[in-house]
Each structure stands twice: as structure tokens, then as C-alpha cells.
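S.K.: Here you go, one structure.
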Amino acid sequence: MKKIILFAAIAAIFSGFAMAQEPDLELIAKMREIKADSVSLMLGKVYGTQTAMTNPTAEARQALLKAFSEAMTLDQQDEAYRDGANTAEQFYRNAESVNRQLGINMSRKTFAQTFLKHFMDTTTVKNMNGEMNSINMEAKRLMEEIRALKNDSAAAIAQASLIDLKADSLSQNMGRFFGTQMQNMSKKKNLSEEQIARFVEGFNSTINIDEADKPLVDGKLLASDFRNIEQSIKKQLNLKLNKDAFVAALTAELNDPKVPTMEEFKAVDAKTQAFMKETQAYIKENGPEALTQKGLGKKYIENQMEKDPKFIQAPSGLVYKIINPGNGKKFNETDKIKVMYKGTHVDGTTFDESKEPVSFAPNQVVPGFKEALLMMSPGAKMIAILPYNLAYGDRGAGQSIKPFETLVFEIETLGIDDSAPVAKPSGQDTPKIKDEVAKPDTLKKQKKTATKSGKKTAKKRK
């Protein structure tokens, strides 16, 4: 019932927002908060369902919940402690991946000793790029050597001790990598002695856990998953997740004695991804840049229609003024039309202009330009104002046309040209810009990477 009420509230707010003539910033802020809560609930259910599948017994679930709850109560402001714990957790994830690929056991003890040595080394001045390249090259060489030995079954049996030695070297390599990286981080952040001590404490609290205690390991990693995805969503969508909602949804799933099926998990996951996609679109549609461009376009259209009654607004939202009606039959979608045009921003600056006639068909251009052409006959001239949804939408085009931008075109048709090759007008051939907001499948990939640790039983390392 609570979820039904929540989604009803969302629908009501959407309805109110759609009817508003001006953007209601307070309403948008409230909507963002509701969406953040909804994302938190849905992610909690996804993680809870996944974890319940891999921990079917009540005993394992409760032990995991205890470890998870303890890890989640970490002071969120204690960044140094959290960074230390995250570093140890990252070792577990990376080591699990390498161990699975190569069939080895990396040593957390060796990693920890090497990591702390390099992290606490404040005397050595290092070229970070050169240091990291050197470490990566050494790791690649070690992995290739281990893989070659493992692929030869006879060599693998005869040289098992050599493989163990190389696995230990790989652990040292990873410790050197993380230690150098985090030492550089501590210098950039200018960490105090107290903060460094808290970092080491957080690192030790996690690196020294009993890996054979699967619920303990999974509970800590699950808390790390939340922190990672919380930071990711804040960076990508500028939404603050509701920790309590996430924990409540996850706990409800783990307290349910039923073991979810893979089909049930996929259904929950698909619903969450769809909602993430909708949320991403809403954030983009109502972000500062979008609201600014929409406002400029709306104001420009209002001013033009007020100053000049010859401007007409079509049902689609296209605003146009016919300067010369032309002669003869109107063009159709596939006619190759010889055109002269000029495209400007609402501030009057030109972004595109034909220096000589070009030929193209209406079905090759953006919707507003197409609609204008289909109103015209040979010899016609028109000024067409394209709201963003009839122009380049939420993506913009190239470097010159911003997302959500209203565009103005002066169009003159010279007739049909059956001989000329078809050209693309008004920046249509400009490469599409990349959408910088992370797609839902990016979060999905991260979520799967983060949660799959719950599927594997931790192997005991040296």
C-alpha cells in the first residue's frame, strides 16, 4: 500500500507540473526528493533480492544483516576511515577477479604489508604516471607468466611453488599500486596525522576480517556497494539517496523466508532500470541548463508573437510567418527541394547558412524544419521558429546547438530539383554529441559487479 501511495503521489506531481506555465522550482526540488527516495527503495529491493538468492538460510541472512548494519553505521563524515575500509574492500574485489581468472590465491597479508609500506612512505618523491605505468606493466607480466604455467598442466603440477611465488608477487604488486595511489591521495587532500591514523584503522578493520566468514565478508561488501552507488548517483544525477529507505527495503527482503527465483530478480531489476531511465530523463529535462534554454525559447516566441501578429503557432508548437506564399502545389516528404536557408539562435547569432542553393527532402531534416517545408510551395519564403522538441531536442548538435535550444530559420524554397544529390541542411550532418549523463545500463553494470561478490564463497587466502 505504501508503494501505491508513493507512485500515486509521483503521478499527481507530474500532472501538476505538466499544467504549470512556468517551472516551479520548489515542485521540481520535491519531485527530485521523491525520485531519490524511490530509487533508494528500488535499489534496496534489487540488492536484497540478489542477496536473498545467494543466502537462502535464515541464519546466514541474519549474520549478513548484522555485519551490514554495523558497517552502515560508520560515521558518514569520517571520510578517512571510510576510504581506508573501501581500499581493503577493493582488494577483495580485485583479488577475487584475478583468483578466478588465474586459479590462484592472492595473499591479503602480503598485500596489506606492501600497501601500508607504500602508503606510509612520505619520504620518496614519485613520478605518479611513471610509477603507475611501471606497476601495471609488472602486473601484466606476472599474470601472463602465471597463465602460461597454468595452461601447461604438467608445468603447473611441477612448478606449483613457483606459481605460488608469482601469486605472492602479484599481491605485492597490487599493494604497491594501491599504496602509491592512496599516498598520492593523502598528499592532495593534505590529510592530518589523525586522518591518516583513521584511514589505517579503517583499512585494518576490513583487511583483517575472517574471509571464511562469508556473511561477514558479504555484509561489509554490501555496505560498500551502497556507498559506491550512492556516490555514483550523486555524481551522475545529483540525487542524494535515502540510506534508511535502502536499508529498510533490503532488510525486508532478507527477513522474508521465501527464496526469490531468478525470474523474480530479473523482474525487479528490469523495473528498477526502467525507473532509472525515467529519472535520468526527468533530471535532464529539469536541470539548470534545460530550464534556462526552455525559458529563453519560450520568452523569445512570446515576444515575437506579441510584436508581429503575422506569426502563427501550429498545434505542434512550430511558430512561423509566411513572407511569400510561393506558387503551385505544396511539396511532399520525398521531393528534393532546392532551398536557401539561414539558421540563428534566439539571440540573433547565426549557426548555419547556405551560401548557395542546396537540395534535400523534408524527411531528412529535424521535425520542425520538415513541417515548415511541407507548408511551402516553389518560390515560398518563411521564418520558422522551432521549439527544442521540434529541433535537436535534449541532445543538441555539435558545438553550436545546445540541448533544449529553440532555433530560428529563414527558409526560401526555389523549386524541385530532380538532378541534384540530396544534401543535409541546418547542421543535420553535424556529429551528434555524446550524452554525458550516465545511462542506466552503466549503473546496472556497476550494480552487477558490486553484487556478484555475494554469489561467490570467499576463498581463504594466506
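The values are calculated or read from the model by the stated rules, or taken from the named source; none is laboratory data. Predicted model only: the values in this text are computed from it and were never measured. Counting neighbours? That spans all protein chains shown, and the Cβs are built from the backbone with ideal geometry, glycine included.
S.K.: Taking region 191-225 only, how many residues are farther than 19 Å from E79 by Cβ and out of contact with any helix residue (DSSP H, G or I) (no Cβ under 9 Å at 6 or more places or on another chain)?
M.R.: 1
S.K.: Restricting attention to region 378-400, which residues are within 23 Å of the chain's Cα centre (by Cα) and among the aliphatic types (A, V, I, L, M)?
M.R.: Taking region 378-400 and keeping what is within 23 Å of the chain's Cα centre (by Cα), we get 392-399.
Listed by number, the list holds a single entry, A397.
Conditions tested, residue by residue: (1) among the basic types (K, R); (2) surrounded by fewer than 18 Cβ atoms within 10 Å (Cβ to Cβ); (3) modelled with pLDDT of 95 or more; (4) assigned to a loop (DSSP other than H, G, I, E, B).
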site	(1), (2), (3), (4)
D244	no, yes, no, no
P257	no, yes, no, yes
P260	no, no, no, yes
K277	yes, yes, no, no
A281	no, yes, no, no
E289	no, yes, no, no
G295	no, yes, no, no
K298	yes, yes, no, no
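S.K.: Looking only at residues in region 187-242 that are part of a loop (DSSP other than H, G, I, E, B) and among the basic types (K, R), which one is nearest to the chain's Cα centre (by Cα)? Steps first, please.
M.R.: Of all residues in region 187-242, those part of a loop (DSSP other than H, G, I, E, B) come to 189-192, 208-213, 238-242.
Keeping just the survivors that are among the basic types (K, R) gives 189, 240.
Details: K189: 26, K240: 14 Å.
Ranking the qualifying residues of region 187-242, first place goes to K240.
S.K.: Is it true that V358 is at pLDDT 95 or above and not acidic (D, E)? Write out each step before concluding.
M.R.: Values: at pLDDT 95 or above: no; not acidic (D, E): yes.
So V358 does not fit the description; no.
S.K.: In region 328-356, what count of residues is obtained for those that are in a strand (DSSP E or B), out of contact with any helix residue (DSSP H, G or I) (no Cβ under 7 Å at 6 or more places or on another chain) and over 18 Å from A397 (Cα atoms)? Show your work before the answer.
M.R.: As a first pass, look at region 328-356 and keep what is in a strand (DSSP E or B): 337-345, 350-353.
From what's left, out of contact with any helix residue (DSSP H, G or I) (no Cβ under 7 Å at 6 or more places or on another chain): 338-345, 350-353.
Now drop any that are not over 18 Å from A397 (Cα atoms), which leaves 338-340.
Counting residues in region 328-356 that are in a strand (DSSP E or B), out of contact with any helix residue (DSSP H, G or I) (no Cβ under 7 Å at 6 or more places or on another chain) and over 18 Å from A397 (Cα atoms) gives 3.
S.K.: Let me ask another. Test of understanding: among K448, K381, K444, K452, which residue is of a type in the set (D, E, K, R), surrounded by fewer than 21 Cβ atoms within 10 Å (Cβ to Cβ) and modelled with pLDDT of 95 or more?
M.R.: Values: K448 fails: modelled with pLDDT of 95 or more; K444 fails: modelled with pLDDT of 95 or more; K452 fails: modelled with pLDDT of 95 or more.
Answer to the check: K381.
S.K.: Just checking, how many residues over region 104-162 are farther than 30 Å from A80 by Cα, of a type outside the set (G, A, S) and surrounded by fewer than 17 Cβ atoms within 10 Å (Cβ to Cβ)?
M.R.: Within region 104-162, the subset farther than 30 Å from A80 by Cα is 104, 140-162.
Among the residues that remain, those that are also of a type outside the set (G, A, S) are: 104, 140-147, 149-152, 157, 159, 162.
Pick out the ones that are also surrounded by fewer than 17 Cβ atoms within 10 Å (Cβ to Cβ) and you get 140-141, 144-145, 147, 150-152, 157, 159, 162.
Count: 11.
S.K.: Check whether at least one residue in region 93-104 is within 24 Å of I196 (Cα to Cα) and within 25 Å of the chain's Cα centre (by Cα), and report yes or no. Quick ask: steps written out before the conclusion?
M.R.: As a first pass, look at region 93-104 and keep what is within 24 Å of I196 (Cα to Cα): 93-94.
Filter again for within 25 Å of the chain's Cα centre (by Cα), leaving 93-94.
Yes, that holds for at least one residue.
S.K.: Here is a list of conditions, (1) assigned to a helix (DSSP H, G or I); (2) under 26 Å from M185 (Cα atoms); (3) in contact with a Lys or Arg (Cβ under 8 Å, 6 or more places away or on another chain), and M132 meets all of them except one; can you say which number that is?
M.R.: So the condition that M132 fails would be (3).
S.K.: Go through region 69-112 and count every residue that is assigned to a loop (DSSP other than H, G, I, E, B), modelled with pLDDT of 85 or more and at negative phi. Reasoning before the result, please.
M.R.: Of the residues in region 69-112, the ones assigned to a loop (DSSP other than H, G, I, E, B) are 73-78, 103-107.
From the residues that got through so far, the ones that are modelled with pLDDT of 85 or more too are 103-107.
Now narrow it down to the ones that are at negative phi: 104-107.
So the answer is 4.
S.K.: Go through the residues of region 318-327 one by one and say whether even a single one is part of a loop (DSSP other than H, G, I, E, B) and free of Cβ contacts under 8 Å to residues at least 40 places away in the same chain. Working first, answer last.
M.R.: To start, the set of residues in region 318-327 that are part of a loop (DSSP other than H, G, I, E, B) comprises 318, 325-327.
If we keep only those that are free of Cβ contacts under 8 Å to residues at least 40 places away in the same chain as well, we get none.
Checking region 318-327: not a single residue is part of a loop (DSSP other than H, G, I, E, B) and free of Cβ contacts under 8 Å to residues at least 40 places away in the same chain.
S.K.: State which residue is surrounded by the most Cβ atoms within 10 Å (Cβ to Cβ) when the search covers only region 318-338 and only residues that are modelled with pLDDT of 95 or more and touching a Leu at 6+ places or on another chain (Cβ under 9 Å).
M.R.: Once the filter is applied, the top-ranked residue is V319.
S.K.: When you look at T54, is it under 23 Å from the mean Cα position of the chain (by Cα) and touching a residue at least 60 places away in the same chain (Cβ under 8 Å), yes or no? Quick ask: steps written out before the conclusion?
M.R.: Working: under 23 Å from the mean Cα position of the chain (by Cα): no; touching a residue at least 60 places away in the same chain (Cβ under 8 Å): yes.
Answer is no for this residue.
S.K.: Considering region 120-171 alone, what residues qualify as being closer than 30 Å to A197 by Cα and in contact with a Leu (Cβ under 7 Å, 6 or more places away or on another chain)?
M.R.: Scanning region 120-171 gives A139, S169, L170.
S.K.: Tally time: how many residues in region 384-431 are at positive phi and at pLDDT 85 or above?
M.R.: First pass over region 384-431, keeping only residues at positive phi: 393, 396, 398, 404, 415, 426-427.
Adding the requirement that they be at pLDDT 85 or above leaves 393, 396, 404, 415.
So the answer is 4.
S.K.: Still on this structure, please answer the following. Can you work out which of the residues in region 357-377 that are farther than 21 Å from G297 by Cβ and in a loop (DSSP other than H, G, I, E, B) is nearest to the chain's Cα centre (by Cα)?
M.R.: The residue in question is A361.
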